[in-house]
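Input: a single structure, listed below in structure tokens.
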Amino acid sequence: MLQKIEVKLPQKEYPIYIENGLLTQIGTLVREHWTKVQQVALISDSNVAPLYAEKVRIQLTNAGFQVYLYTVTAGEAAKSLGVASSLYDELLGDGFTRSAGVIALGGGVVGDLAGFVASTFMRGLAFIQIPTSLLAQVDSSVGGKTAVDLPAGKNLVGTFYQPDAVLIDPATLTTLSQRYLVEGYAEVVKMAAIASPDFWQLVTQVQSVAAILDLAEALIQASVTFKAKIVMADEKEGGLRQILNFGHTFGHAIEAGANGALAHGEAISIGMVALTQCFEHAGLTPAGMTAKLQQQLAAVGLPLTSKLIGQADFYARIAKDKKNRGGRVNLIYLKAIGEPAIYPMALAQLPQFVEENLLAVM
């Protein structure tokens with residue numbers, strides 16, 4: 001059954017649709033939202049395009065759109081100013097104007113890149129997300145963040161640009177490798193930990209990789225409902241939306257330091273555990289919280305530790321992260337499941353905090 005979650009912001013409202021088999025309705029749904037758009041840039045990557053691009057292209061063509069498929073090489077390297085610039089050139093060469101639309105068909109990298117291109121080309125084109133990975137379906141496709149990376153770090157150049165719709169088909173998860181299904185689940189655990197005891201109870205039913213697929217629709221709906229609520233309260237991360245960064249301050253630094261050896265969700269898994277361990281030892285998070293997280297993440301094989309934590313480059317990467325605000329970072333910790341809190345800390349104090357509360361007690 002088609003589920004619809006509304007995101008209502010001061011300047012824009014849009015729906016998020018969730019249903020198994022939704023890809024068979026793409027032409028109809030897109031035309032409902034784009035009555036005046038004719039040209040469509042369908043942006044995908046070398047992994048997803050062979051699976052779904054032709055099916056989507058045919059439906060869009062049958063709905064009256066003129067469709068151009070642009071395929072980038074799969075992987076984080078596609079999130080670059082160079083790739084964005086190449087896409088601008090292709091759009092110009094194909095005669096795209098401000099009345100055109102961009103559709104992202106793929107995971108988080110494609111969504112971030114396509115959204116960035118849509119938000120900046122000719123000062124903004126219509127934009128729709130069709131996320132095909134669990135990570136993108138539960139997190140990155142919702143909320144309007146777009147970005148590309150710089151050599152210094154992830155997502156350092158970007159915009160807030162809300163889509164016109166998000167179309168989620170959980171059936172696409174069956175074509176993901178086990179590793180990338182599991183890494184997306186790390187973000188589900190993050191959402192559940194900061195959202196509510198009820199959501200956490202749902203994720204405790206996941207005790208195997210197969211269970212992620214069995215419960216996919218419920219996990220996606222709970223994650224999207226929660227994230228939409230946070231985004232509606234704080235669209236541009238001025239306050240409350242920062243709680244969605246639970247595990248990310250450490251996670252981004254670990255991911256960058258791993259030089260491609262860790263997927264995003266794997267690094268976030270490690271980041272959540274490490275940070276929770278720090279705050280539990282410091283007495284701000286209840287005893288047993290770290291073990292609770294570890295148990296849920298380990299059940300599907302997610303990594304829990306990294307030797308990169310505490311190295312000089314680890315702190316240097318945190319200092320370069322966009323979450324650095326005037327030499328301070330806001331660390332997100334748990335007072336309880338469903339009760340996240342923000343702990344401001346000077347970057348200069350972070351090494352001692354990690355040494356005393358994590359490295360010295362490992």
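The values are calculated or read from the model by the stated rules, or taken from the named source; none is laboratory data. Keep in mind that this is a model prediction, so the values were computed, not measured. Note that each Cβ is placed from the backbone with ideal geometry, even for glycine, and that neighbours are counted across all protein chains shown.
Counting only residues that are assigned to a helix (DSSP H, G or I) and more than 22 Å from the chain's Cα centre (by Cα), which one in region 315-335 is surrounded by the most Cβ atoms within 10 Å (Cβ to Cβ)?
Tyr315
State whether one or more residues within region 336-354 are among the aliphatic types (A, V, I, L, M), closer than 29 Å to Ile212 by Cα and either surrounded by 21 or more Cβ atoms within 10 Å (Cβ to Cβ) or out of contact with any strand residue (DSSP E or B) (no Cβ under 8 Å at 6 or more places or on another chain) (or both).
Here is the first cut: in region 336-354, the ones among the aliphatic types (A, V, I, L, M) are 336-337, 341-342, 345-348, 350, 354.
Those still in the list that are closer than 29 Å to Ile212 by Cα too: 336-337, 341.
Among the residues that remain, those that are also either surrounded by 21 or more Cβ atoms within 10 Å (Cβ to Cβ) or out of contact with any strand residue (DSSP E or B) (no Cβ under 8 Å at 6 or more places or on another chain) (or both) are: 336-337.
Yes, region 336-354 contains at least one residue that is among the aliphatic types (A, V, I, L, M), closer than 29 Å to Ile212 by Cα and either surrounded by 21 or more Cβ atoms within 10 Å (Cβ to Cβ) or out of contact with any strand residue (DSSP E or B) (no Cβ under 8 Å at 6 or more places or on another chain) (or both).
Taking region 286-313 only, how many residues are part of a loop (DSSP other than H, G, I, E, B), among the aliphatic types (A, V, I, L, M) and under 18 Å from Tyr185 (Cβ atoms)? Show your work before the answer.
Kept after step one, since they are part of a loop (DSSP other than H, G, I, E, B), are these residues of region 286-313: 286-288, 299-311.
From what is left, the residues that are among the aliphatic types (A, V, I, L, M) are 287, 299-300, 302, 304, 308-309.
Okay, now just the ones that are also under 18 Å from Tyr185 (Cβ atoms), so 299-300, 302, 304.
Result for region 286-313: 4.
Going residue by residue through region 263-274, is there one that turns out to be surrounded by 20 or more Cβ atoms within 10 Å (Cβ to Cβ) and over 16 Å from Glu183 (Cβ atoms)?
Taking region 263-274 first, the residues surrounded by 20 or more Cβ atoms within 10 Å (Cβ to Cβ) are 263-274.
Okay, now just the ones that are also over 16 Å from Glu183 (Cβ atoms), so 274.
Yes, region 263-274 contains a residue that is surrounded by 20 or more Cβ atoms within 10 Å (Cβ to Cβ) and over 16 Å from Glu183 (Cβ atoms).
Take the residues in region 71-89 that are over 15 Å from Asp45 (Cβ atoms) and not polar (S, T, N, Q), then tell me which one is farthest from the chain's Cα centre (by Cα).
As a first pass, look at region 71-89 and keep what is over 15 Å from Asp45 (Cβ atoms): 81-82, 85, 88-89.
Pick out the ones that are also not polar (S, T, N, Q) and you get 81-82, 88-89.
On the way: Leu81: 19, Gly82: 22, Tyr88: 24, Asp89: 27 Å.
In this case the residue turns out to be Asp89.
Being over 18 Å from the mean Cα position of the chain (by Cα) and part of a helix (DSSP H, G or I) is the filter here; which residues of region 179-202 pass it? Full working, then the answer.
Taking region 179-202 and keeping what is over 18 Å from the mean Cα position of the chain (by Cα), we get 196-202.
Passing the criteria: Pro197, Asp198, Phe199, Trp200, Gln201, Leu202.
Per-residue answers, yes or no, for (1) surrounded by fewer than 23 Cβ atoms within 10 Å (Cβ to Cβ); (2) assigned by TED's automatic domain parsing to the domain that holds Phe353; (3) modelled with pLDDT of 95 or more:
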residue: Ala210; (1), (2), (3): yes, yes, yes
residue: Leu215; (1), (2), (3): yes, yes, yes
residue: Leu219; (1), (2), (3): no, yes, yes
residue: Ser223; (1), (2), (3): no, yes, yes
residue: Gly247; (1), (2), (3): no, yes, yes
residue: Asn259; (1), (2), (3): yes, yes, no
residue: Ala287; (1), (2), (3): yes, yes, yes
residue: Gly301; (1), (2), (3): yes, yes, yes
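Mind listing whichever residues of region 213-231 are more than 17 Å from the chain's Cα centre (by Cα) and either on the phi > 0 side of the Ramachandran plot or of a type in the set (A, V, I, L, M, F, W, C) (or both)?
Hits for region 213-231 are Leu213, Leu215, Ala218.
Anything in region 204-250 that is of a type outside the set (A, V, I, L, M), closer than 21 Å to Leu293 by Cβ and touching a residue at least 60 places away in the same chain (Cβ under 8 Å)? List them, or say none.
Here is the first cut: in region 204-250, the ones of a type outside the set (A, V, I, L, M) are 204-205, 207-208, 214, 217, 221, 223, 225-227, 229, 234-239, 241-242, 245-250.
Okay, now just the ones that are also closer than 21 Å to Leu293 by Cβ, so 204-205, 207-208, 223, 226-227, 242, 245-250.
Matches in region 204-250: Thr204, Gln207, Ser208, Ser223, Lys227, Gln242, Asn245, Phe246, Gly247, His248, Thr249, Phe250.
Any chance you could count how many residues in region 144-178 are of a type in the set (Gly, Ala, Ser), under 13 Å from the mean Cα position of the chain (by Cα) and either more than 19 Å from His252 (Cα to Cα) or at pLDDT below 95 (or both)?
Going residue by residue through region 144-178, those that are of a type in the set (Gly, Ala, Ser) are 144, 147, 152-153, 158, 165, 171, 177.
If we keep only those that are under 13 Å from the mean Cα position of the chain (by Cα) as well, we get 144, 147.
Now restrict to residues that are either more than 19 Å from His252 (Cα to Cα) or at pLDDT below 95 (or both): 144.
Qualifying residue count, region 144-178: 1.
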